[in-house]
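Undergrad: Please see the structure below; I have some questions.
Just so you know, all these numbers are worked out from the coordinates, no wet-lab data involved. Only a predicted model underlies this, so the values are computations on that prediction, with no experimental measurement involved. Neighbour counts run over all protein chains shown; Cβ positions are idealised from the backbone, glycine included.
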Amino acid sequence: MESMAPAPGVVVANASEVPEPTLAKRPEKSDGCAGTMKLTRKAVLSRAKATSLAGVRKLNCWGSRISDISICHELPNVEVVTFSANNIYSLEPFNQCEKLTELYLRRNCISSLHELFHLKKLPRLRILWMSENPCCGSDLHRYRMTVLRNLPSLHKLDNKMVTEEELSHALVEGEEITTPPVKTDVDSCCQYSNTESSTTECTTENELMNFSTELEETNKIREQLGMKPVAPKDTFSAKEVGGNQTKWNILSAIMLLLEELDSEGLEVVHQTVGHKLQALQRKELHEDR
């Protein structure tokens, strides 16, 4: 359920033509790396439908391009956090979220397993989804063993139940993390993302091919919002979009998630789509000349 248009509070191309953003963006770097997108208090309260940060229990900012989540230091009572498909590089802001039970961080910029150090003192954490981050590396068994050695209270890791046998193996095969990670350079994270997209078929496209995972995570978010799950039959068929598998998955993900947006979010999507269409039309006119 990735690769959709920006959700409420995300800065888009022409800020003067869309509602006031609730995510603050730092200036772009001279090397072309996108600036840091900061999750703000206003965005958190809007997404969580809460009146105070202390009242936030569930927070969903999936696919919002955020990288700075320092506001999480001020969420002492949050229980479920969905931050998949962003540019998050540090887990340090979660180290005081002692009531956190579920944390979804799939496809971000977490580069070191030493970031787990910040989660070791969260007594209620039971579900962690951290796959498709740079820290997972090519040896997924070692990655899983290291996570379980440091977070033995987990019941589910990356959508797979944790077994007693795995926990026993983790004590031997996993790396024990006793120190926090070296501070990560945000620019390096951006460079990693850009390199990955240019040397592979693109993370987004690869994961869209696994639509059962996308649908499951979509339904997880809908459940958090008190909405009914969506059945696969409600999505587009490949035939309806010209037989293109990737386009089919993208359209399905977008249509499923549009129902979660309020009027402000839909307006952002509307403006973004309009700008995209205009750009494509200009490109086509230029090519015809």
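Undergrad: For L251 and E173, what is the calculated FRET efficiency with R₀ set at 41 Å and r taken between the beta-carbons, to the nearest 0.05?
TA: The calculated FRET efficiency here is 0.45.
Undergrad: Pop out the ³J(HN,Hα) list for segment 112-119 in order, Karplus 6.51 cos²θ - 1.76 cosθ + 1.60 with θ = phi - 60°, rounded to Hz; leave Gly and Pro as x.
TA: 10, 5, 5, 5, 4, 3, 6, 9
Undergrad: For segment 37-173, how many pairs of lysine residues have a Cα-Cα distance under 14 Å, where the two are 8 or more positions apart or belong to different chains? Present the calculation step by step, with values, prior to reporting the outcome.
TA: Numbers: K49/K58; K58/K99; K99/K120; K99/K121.
The number of close lysine pairs in segment 37-173 is 4.
Undergrad: Taking R0 as 25 Å, what FRET efficiency do you get between L140 and K183 from their Cβ-Cβ distance, rounded to the nearest 0.05?
TA: About 0.45, to the nearest 0.05.
Undergrad: State the answer as a single residue: which of Y104, Y143, V56 lies farthest towards the positive end of the charge dipole of segment 37-173, with beta carbon charges of +1 for Lys and Arg and -1 for Asp and Glu, about the Cα centre.
TA: V56
Undergrad: Compute the Cα gyration tensor for segment 37-173, then decide on rounded, prolate or oblate, letting a ≥ b ≥ c be the square roots of its eigenvalues: rounded whenever a/c is under 1.5, prolate when a/b is larger than b/c in the other cases, and oblate in all that remain.
TA: On the way: a/c = 2.27, a/b = 1.64, b/c = 1.39.
Prolate.
Undergrad: Go through 40-49, 155-164 and give me the packing order, highest mean Cβ count within 10 Å leading. All intermediate terms of the calculation are to be shown ahead of the outcome.
TA: Details: 40-49: 17.4, 155-164: 13.5.
Packing order, densest peptide first, comes out as 40-49, 155-164.
Undergrad: Could you sort 123-131, 261-269, 279-287, 143-151 so that the peptide with the highest average Cβ count within 10 Å comes first and the rest follow in order? Walk me through the numbers on the way to the answer.
TA: Working: 123-131: 18.2, 261-269: 15.9, 279-287: 9.3, 143-151: 21.2.
Put in order of decreasing packing, that is 143-151, 123-131, 261-269, 279-287.
Undergrad: Sticking with this structure for a sec: Hey, if you put +1 on the Cβ of every Lys and Arg and -1 on every Asp and Glu Cβ in segment 37-173, which of I66, N133, S153 ends up farthest toward the positive end of that dipole?
TA: Among I66, N133, S153, the one farthest towards the positive end of the dipole of segment 37-173 is I66.
Undergrad: Follow-up question, since we're still on this one. Put a dot 7 Å past each Cα toward the Cβ at E79 and H275; how far apart are the dots in nm?
TA: Spacing of the two 7 Å Cα→Cβ label points: 3.8 nm.
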